[in-house]
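The values are calculated or read from the model by the stated rules, or taken from the named source; none is laboratory data. What you see is a predicted model; the values in this text were computed from it and never measured. So basically every Cβ, Gly included, is an ideal-geometry build from the backbone, and we count neighbours across all protein chains shown. Keep in mind that these areas ignore ligands, DNA and RNA; they rest on the heavy atoms of the full protein, side chains included. Shrake-Rupley method; radii C 1.70, N 1.55, O 1.52, S 1.80 Å.
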Amino acid sequence: MPPIKIPSRKEVIQREKSSGKDVAAIYPIHYPRELFRAFDVHPVEVWGPPGVDTKMGSAHLQSYICSVVQSGLSFYLEGGLKEVKLILVPHCCDSLQGLGSIFKDFVKPGQEVLTLYIPRGITEESVRFLSDEIEKLYKSLARVTGRAPARERLMEEILLEEETDALVKDFYAGRKKTPLSSREFYAIIRAREYLPPRDYARLLQIAPRQSPESGPPGRVGIIVSGLLPEPMEILDVIDEAGGFVVADDLACCMRRVYGKGAAENPFKRMAERIVQGPPDSTKGGSVDEISVSLTGLTEATGARGVIFYNVKFCEPEDFYRPMLKKRLQNKGIKTLTLEADINQPLSQQAITRVRAFIEMLKGEA
Amino acid sequence: MGLVNQIKYLTLYKIIGTAVISRQTRKSLRHYRLPRGWREDILAPPLRIGAYTQQMIAKHYLEGRYVNGVKPVAWVTSGAPIEILKALGYYILYPENHGALCGARKVAQEISEEAERDGYSIDICSYARTDIGTALSGKTPVGKLPKPDLLLCCTNICQTVLYWYRVLADYYEVPLIVIDTPFVYEEANDHDIKYVKRQLESSIEVSEGIAGRSLNFKRLKEVVRASKDAADLWLQCLKANRRKPAPISVFDQFIHMAPIVEKRGDPETVDFYARMLAEINRRVENGVGAVKHERKRVLWDNLPIWYRIRFLSESLAEHGVAVVASTYTNAWGELAPLMDVERPVESMAKTYTYPILNRGTGHKLRTMESMIKAYSLNGAILHSDRSCKPYSIGQMDQRLKLLNERGIPALLLEADHNDPRAFAGEQAVSRLKAFVEMMEA
């Protein structure tokens, strides 16, 4: 099977800019993609990126701040965001809150820095608040871009995102039958971080879905939980050890596949999608809500093990994990916890532990 | 069971316990003695109000031992809007204060390790680890903590408390009220305040349901009045340090802030701070400074290092350095003017959205700058607290701004508010020495 060609971030940014669009850099995790698109602003997400020299960021951030935030700031400081017109830092945890604040108060980039407070908990109040917050973001975008998309345009982009979410869900549902390696599969999933929705939909359409070797015999279904699969070498190690990532509970992937909104008001509809989306530690849901979702995912996919792939110093994940592990173990699902720094290669010790974990699962089969 | 609890509460707490504690207080006031090893050569004696501080804390935790089944019990975060619960007659416990007490008594590490053994990362907040450790093991220096009937978590101090209280809610299987306060990067938006107000209003019904009584708004106003008065008196105590020499140190403030945190809304707390202010004023009149031979005056930023308070106090006083103001202790008084007794819920929404910890890094720098000016300070110690990310992020820029743009020597001191494993004593001493030299240069 020939490898699928996925355009790089750089290529996409150049193309979007040359078509007259502005580009926005978006820090993790939750935000309404559709709002930016309605303004002809192309959102490109900044999850680190990995492999950045964090020396420049460490002049502003203590060593106990996670590598996603360290890299994110360093990337800006070394000129990685020169091409963008504006920066959005959603408020998803204390460290991202600090990043947004340092940007506004001390780093003061040439571009506009916008923030978006994501409410905690799933209530009517959260939806109402986020709706107001998105409306405020609309006004900021209107000021920065000089555009003011009408309701129809907003709804058009919302429906397009909802359609894309449905396609992603479908792609996940067929995971067991795809001949793609875990890394190939997640390269496609994560391309959504920077591809326009129509290009992304095309990518999903051309991605191979069926294989005579689907559901490889002898391979153990694994779910990866955490923020992001970086370094992505973890996926190769799982495959090489005889595992198979059947689904994920990752903040940059499955936790952002939102459902359809119901409201006629576009701001409320965008808010509904985020608030009522899959559980995520940073949204502060109950332990029950998160564990029901995770155990449900293991049951639906037949996964035998869950790897908690944790970015060091990520408090939201650190708090929930002990309870989630207990709940999973009570259901007979084995778990493994690995700690990662997105700027460091996977340690030999981590590789050995993944191999031993999958060996153990295979032995129990 | 209810009657047994009532009898125990009445006899062991109300009658015997309170009498014993009050007697101890009177005794320690009559036969006042300096704590063992007190450095009289460099430090003024501890405030005599300390006997009452101890009394209030002892009574509070003693009541906690017998309160289950007698009063509804709520566990709350330190910045939570407790006035509604107080007006409904709840006994209120602050796990953060309990954590600080464990830190000051040097048992926090042992208790935290109970949580770590259960899988909680050493990277999460050490207050949370201490609290979860107590929940799992029952270990506490106060004998026993009451089980909560309700949890109230307000995100105005950090997001960490939300995850922590989710763990508690799951462990104790009790309702959790979340008051989510949007972070204020510059100024709060109208929709932020309305969101907080709506959550406060919704919290009333849940709190009433558990308390089994309706909220009396007249009583709520009385509680808000007591909160406001106590916070105002606390602020006056702190402001007395604008005088030279400073009558109390920040280390004294850390010890005597317990009532403003955990007994806010009680009339006895107002009396306590009125008495404390009177004692401070007597020191001012007599020219008594907390640090004898005060030569330099500095600011403390961030939480205390609970397990090294005396060590730091002495290490600095040896050089004639008085730590006279703190962004942390100031936070419990600076919002008093926002509280409006006639519009309790509306004003609570605003007051509890605006604590320093819920505001941007630039606001904190401006607060530090204005305190440096108001208190005539020569330097600043910024405690880079690995357990408190929201307070610590921004300190590296704030330090440089103070140093380069204001010419204020500023030290970044790496530690953790409750976990001694993150504190290197010798390194701290040599850094403090270098900092003093920098101020003297």
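Condition check ((1) out of contact with any strand residue (DSSP E or B) (no Cβ under 9 Å at 6 or more places or on another chain); (2) closer than 21 Å to B:Asn358 by Cα; (3) among the polar types (S, T, N, Q); (4) touching a residue at least 60 places away in the same chain (Cβ under 8 Å)) across all residues:
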site: B:Cys154; (1), (2), (3), (4): no, yes, no, yes
site: B:Thr160; (1), (2), (3), (4): yes, yes, yes, yes
site: B:Val167; (1), (2), (3), (4): yes, no, no, no
site: B:Asp180; (1), (2), (3), (4): no, yes, no, no
site: B:Phe183; (1), (2), (3), (4): no, yes, no, yes
site: B:Val196; (1), (2), (3), (4): no, yes, no, yes
site: B:Gly212; (1), (2), (3), (4): yes, no, no, yes
site: B:Asn216; (1), (2), (3), (4): yes, no, yes, yes
site: B:Ala230; (1), (2), (3), (4): yes, no, no, no
Selection count, the stretch A:144-159, where residues are part of a helix (DSSP H, G or I), closer than 14 Å to A:Phe36 by Cβ and either touching a Gly at 6+ places or on another chain (Cβ under 8 Å) or not polar (S, T, N, Q) (or both): 6
Which numbered condition B:Asp149 misses (of (1) within 10 Å of chain A (Cβ to nearest Cβ); (2) surrounded by fewer than 24 Cβ atoms within 10 Å (Cβ to Cβ)): (1)
Selected residue (criterion: nearest to B:Val184 (Cα to Cα)) from residues of the stretch A:77-89 that are more than 11 Å from chain B (Cβ to nearest Cβ) and in contact with a Phe, Trp or Tyr (Cβ under 8 Å, 6 or more places away or on another chain): A:Leu88
Of the criteria (1) more than 11 Å from chain B (Cβ to nearest Cβ); (2) under 21 Å from the mean Cα position of the chain (by Cα); (3) open to solvent by 80 Å² or more (accessible area, probe 1.4 Å), which one A:Glu339 fails: (1)
Of the criteria (1) acidic (Asp, Glu); (2) within 12 Å of chain B (Cβ to nearest Cβ); (3) more than 21 Å from B:Asp170 (Cβ to Cβ); (4) in a helix (DSSP H, G or I), which one A:Asp318 fails: (3)
Test: residue in the stretch B:234-244 that is in contact with a helix residue (DSSP H, G or I) (Cβ under 7 Å, 6 or more places away or on another chain), closer than 20 Å to B:Val324 by Cα, open to solvent by 30 Å² or more (accessible area, probe 1.4 Å) and not in a helix (DSSP H, G or I): yes
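Do we find that B:Ser370 is away from chain A (no Cβ under 13 Å), more than 16 Å from the chain's Cα centre (by Cα), modelled with pLDDT of 95 or more and at negative phi in this structure?
yes
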Filtered residue count, the stretch B:372-389, keeping only those that are surrounded by fewer than 22 Cβ atoms within 10 Å (Cβ to Cβ), assigned to a helix (DSSP H, G or I) and touching a helix residue (DSSP H, G or I) at 6+ places or on another chain (Cβ under 9 Å): 2
Given (1) touching a helix residue (DSSP H, G or I) at 6+ places or on another chain (Cβ under 9 Å); (2) open to solvent by 40 Å² or more (accessible area, probe 1.4 Å); (3) part of a helix (DSSP H, G or I), number of the condition B:Leu357 does not satisfy: (2)
Residue list for the stretch B:182-214, restricted to those being surrounded by fewer than 17 Cβ atoms within 10 Å (Cβ to Cβ), more than 14 Å from chain A (Cβ to nearest Cβ) and at negative phi: B:Glu208, B:Gly209, B:Arg213, B:Ser214
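Given the residues A:Leu294, A:Leu346, which is the only one that is of a type outside the set (D, E, K, R) and closer than 29 Å to A:Gly51 by Cβ?
A:Leu346
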Selection count where residues are under 20 Å from B:Lys389 (Cβ atoms) and more than 10 Å from chain B (Cβ to nearest Cβ), scope the stretch A:117-131: 0
Restricting the stretch A:104-116 to residues that are touching a Leu at 6+ places or on another chain (Cβ under 8 Å) and touching a residue at least 24 places away in the same chain (Cβ under 8 Å), the residue that is nearest to the other protein chains (Cβ to nearest Cβ): A:Thr115
Set A:Arg209, A:Arg175, A:Arg192: member being at pLDDT below 95 and within 20 Å of the chain's Cα centre (by Cα): A:Arg175
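Any idea which of B:Val4, B:Val20 is part of a helix (DSSP H, G or I) and either closer than 25 Å to B:Pro344 by Cβ or at pLDDT below 95 (or both)?
When all the criteria are applied, what remains is B:Val4.
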Checklist (1) part of a helix (DSSP H, G or I); (2) open to solvent by 30 Å² or more (accessible area, probe 1.4 Å) applied to A:Pro49, failing item: (1)
Residue within the stretch A:11-27 that is in a loop (DSSP other than H, G, I, E, B), open to solvent by less than 10 Å² (accessible area, probe 1.4 Å) and in contact with a Gly (Cβ under 6 Å, 6 or more places away or on another chain) present: yes
Of residues in the stretch B:120-140 being open to solvent by 40 Å² or more (accessible area, probe 1.4 Å) and over 22 Å from B:Tyr391 (Cα atoms), the one nearest to the other protein chains (Cβ to nearest Cβ): B:Leu136
Top-ranked residue of the stretch A:52-64 - restricted to ones that are within 14 Å of chain B (Cβ to nearest Cβ) and crowded, with 22+ Cβ neighbours inside 10 Å, ranked as nearest to A:Glu233 (Cα to Cα): A:Thr54
The stretch A:259-285, subset surrounded by fewer than 23 Cβ atoms within 10 Å (Cβ to Cβ) and basic (Lys, Arg), residue nearest to the other protein chains (Cβ to nearest Cβ): A:Lys268
Filter result for A:Ile87 (in a helix (DSSP H, G or I), β-branched (Val, Ile, Thr), at pLDDT 95 or above and in contact with a Pro (Cβ under 7 Å, 6 or more places away or on another chain)): no
B:Val174, sole failed condition from (1) within 11 Å of chain A (Cβ to nearest Cβ); (2) part of a loop (DSSP other than H, G, I, E, B); (3) surrounded by fewer than 19 Cβ atoms within 10 Å (Cβ to Cβ); (4) aliphatic (A, V, I, L, M): (1)
Members of the stretch A:57-99 that are without any contact (Cβ under 8 Å) to a residue 24 or more places away in the chain and within 21 Å of A:Cys252 (Cα to Cα): A:Ser74, A:Gln97
